[in-house]
Structures are given as structure tokens and as C-alpha cells.
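The values are calculated or read from the model by the stated rules, or taken from the named source; none is laboratory data. Since the model is a prediction, treat every value here as computed from it, not as a measurement. Counting neighbours? That spans all protein chains shown, and the Cβs are built from the backbone with ideal geometry, glycine included. Side chains included, ligands, DNA and RNA excluded: accessible areas come from the protein's heavy atoms. Shrake-Rupley method; radii C 1.70, N 1.55, O 1.52, S 1.80 Å.
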Amino acid sequence: MRGILYYFSGTGNTKWVADRFKENFELYNIDVDLIDIQYIEDREVKKCDFIIIGSPVHVEFPPKVVRDFLNKLDSLKKSKRAIIYCTQAAESSSACCFMAKCLKKKGYIISAQISVKMPNNYYFSIGKKPTKNEIENLLIKADKKTKNTIENFIKNKTIRENTFFVKFQLDKITYCVFKNMIPKLSKNIYATKECNKCGLCLRNCPQGNITFEGGRAIFHSKCILCLRCIHICPINAIRYKNKKIDQTQKNIIKVLNLNK
Ligand SMILES: Cc1cc2nc3c(=O)[nH]c(=O)nc-3n(C[C@H](O)[C@H](O)[C@H](O)COP(=O)(O)O)c2cc1C
């Protein structure tokens, strides 16, 4: 059996869970290829027995890059099993339900839809900053959750963490408001004079949204607020609303294999 895991990860959490899926499936001699959806052109699912899709949650729903991927995915002639997981700071969100609806329309059978609680990468705007201890505990729990999901998948048992209809509808409205605010919110991101133009943010922005002009880093209008630039800057020179951000994702973000 062979699976493909498609993911998007701004600051490493979703990729970290993707790595756990790969590692834990290997214990059953099942290969899982990991594919970052930001680098693929055609949305045809390659030959495999099942797929896994992982996404971060940006105000209860998956970010645009994931929604675009789901929309462009080909409909299946023969049904295939799928595992969906979302990573977020809260226990759950509406994102998994949203993704499950999209995949069902394309002919997938949802074997698992799970929310994996991970460190909050946007704590400086929503919620609270995770401590080192909390981060460690979250990672242990996330690993257990992937193991449990795989066990159930192997036994052909379905796991469906659903969102109540009313909550889903309300979250949809909140998300629409947030979506329209992204251009304004992203204007809160800028580089200070300390920026030494190493180019790491420029090379790794999933939207290709950063350039250097007149000796300054310029953030254009395609930002999706994934926050990668803030969390990867080697000298922590990128600010959000004038705030210096404690780069709490430092260890986790290493899993992204950045363009050095
Ligand atoms: C713009 C934005 C919005 C977010 N909204 C939520 C949210 O509504 N609920 C939540 O629990 N976490 C929220 N988070 C936290 C992320 O979902 C969480 O840290 C996620 O695991 C990040 O995954 P990544 O590192 O793979 O990008 C948000 C993060 C960002 C950047």
C-alpha cells in the first residue's frame, strides 16, 4: 500500500505532523510520499492507494492556497480513501469539515478527519503565547493522535471529528470577514532597519510576495498571513504591528527544509 500526503505549512506545524504520519505509517511498511502543495502545478493525484491532506487553520478555515488546491483537484473515477488533518491552536475548528465536504464531492471516502492541536503561531494577535513546556506536550499529544489515526485507518475504522452545523455556518461568516481583512492585516508586517538582506524570507515566502527594492525588503499584496517570514528571520528583524515577535516556532520550523 502507498499513500501521498499533500500539505501546506506556513511555520512548520502541519509539516511536523506530516512527518509523523510518514514515520508512523512506515511502522506498518506503508510508504507515504510528502508533497508540498505550494510547489505542484498539476492537481492530479498521482498513483496511490490513499491520500492524506494537511492544512493549518487560518480563522477556522484552511488558507487560500489549500482551498485552491482542493478546488482544482480532479474528481475520481474510482473512489479512494482519504485522511484529512488540520493543525490549529484550539482543540478543533471548522476547517476539517470544510475539507471533507470538498473531497467527498470529488469522490473520496473520508476515513479520518481530525483536528490536531499545535502551538499557536499567531499568538501575538489571537490567543496566548505557548510556553516551551506546552509546546513539548502538544507535540507528544500530536504524535499520539497520528498513531491512533493510523491504527484506525489500518483497521478500516472511520474517525470523524465533526463541527455542529450552526458553528460551521458562523465560522464561515467569520472567515469571510477575515479573508477580506488579510490585505489590511498583512500591512502590519515590515522589516526594520536591522534587516541585513540575507534574502531568507524572500526565497521562502510561499507567495513570492517579498522583494528587495532600494535596499529595503518590500512586502507586496499577495500575503496570505502564513507568518513564515516572521518566524524564520535569522535576526528577528520582521515586525508585526511594531511588535518584536518571540519566534516560538524556531525548533518546529526547521522541518520545512528552507531554501538557505
Ligand atoms: C492568520 C492566522 C489565523 C489563525 N487562526 C486560528 C484559528 O482560528 N484557530 C486556531 O485554533 N488557530 C489559529 N491559528 C493558529 C494556527 O492555525 C496554528 O498555529 C497552525 O498549527 C499553524 O500551522 P503551520 O505552522 O503549519 O502554518 C491561526 C494562525 C494564523 C497565522
Mind listing the phi-derived Karplus ³J(HN,Hα) values for the range 226-231, rounded to whole Hz, using 6.51, -1.76 and 1.60 with θ = phi - 60°, and x for any glycine or proline?
6, 6, 4, 4, 5, 7
Hey, how many Å between the Cα centroid of the range 2-27 and the Cα centroid of the range 168-234?
24
Descending accessible area (1.4 Å probe), largest on the left, turns Lys117, Lys254 into Lys254, Lys117
Helix 13-26 axis, angle to the chain major axis (alpha carbon atoms, nearest 10°):
30
How big is the charge dipole of the chain about its Cα centre, in debye rounded to the nearest 20, if each Lys and Arg gets +1 on its Cβ and each Asp and Glu gets -1 on its Cβ?
480
Going by alpha carbons, how many degrees (0 to 90, nearest 10) lie between the helix axis of 132-154 and the longest principal axis of the chain?
30
About the Cα centre of the range 186-256, what is the dipole size in debye to 20, counting +1 per Lys and Arg Cβ and -1 per Asp and Glu Cβ, all else neutral?
100
Measure of exposure for Leu103: accessible area at 1.4 Å probe, Å² rounded to 10, is 0
Here FRET efficiency (C-beta to C-beta, Ile140 to Asn162, R₀ 35 Å, nearest 0.05) is 0.85
Under a GNM of the chain (C-alpha, springs under 10 Å), which listed residue has the highest mean-square fluctuation: Cys226, Cys205, Cys97?
Cys205
Could you state how much accessible area Tyr7 has, in square angstrom rounded to the nearest 10, with a 1.4 Å probe and all protein chains kept in place?
20
Express the carbon and sulfur contribution to the solvent-accessible surface of the chain as a percent, rounded to the nearest whole number, probe 1.4 angstrom.
53
Taking Cα atoms, how many degrees apart are the long axis of helix 95-105 and the longest axis of the chain, rounded to 10 and kept between 0 and 90?
50
Which order do Val116, Val65, Val177 take by accessible area at a 1.4 Å probe, largest first?
Val177, Val65, Val116
When Lys and Arg each count +1 and Asp and Glu each count -1, what net charge do the other residues less than 12 Å away from Gly215, Cβ to Cβ, add up to?
+2
Give the accessible area for Thr131 in Å² (nearest 10); use a 1.4 Å probe, count only protein heavy atoms, and leave out ligands, DNA and RNA.
70
Mind jotting down the three principal axis lengths of the chain based on Cα atoms? Whole angstrom, largest first.
56, 36, 35
Test of understanding: in a Gaussian network model of the chain with alpha carbons linked when under 10 Å, which of His231, His58, His220 would top the mean-square fluctuation ranking?
His220
Order by accessible surface, 1.4 Å probe, largest leading, for residues Phe124, Phe219, Phe212 comes to Phe212, Phe219, Phe124
Calculate the tail of P(r) for the range 186-256: the fraction of all Cα-Cα distances greater than 16 Å, expressed in %.
41
Keeping every protein chain present and rolling a 1.4 Å probe, give me the accessible area per residue for the range 1-142 in Å².
44
For the residue pair Lys184 and Lys222, what label-to-label distance in nm results when each label sits 7 Å from Cα along the Cα-to-beta-carbon direction?
2.5
Towards the positive end of the charge dipole of the chain, with charges on Cβ (+1 Lys, Arg; -1 Asp, Glu), say which of Ile37, Gly215, Phe153 has the farthest Cα.
Gly215
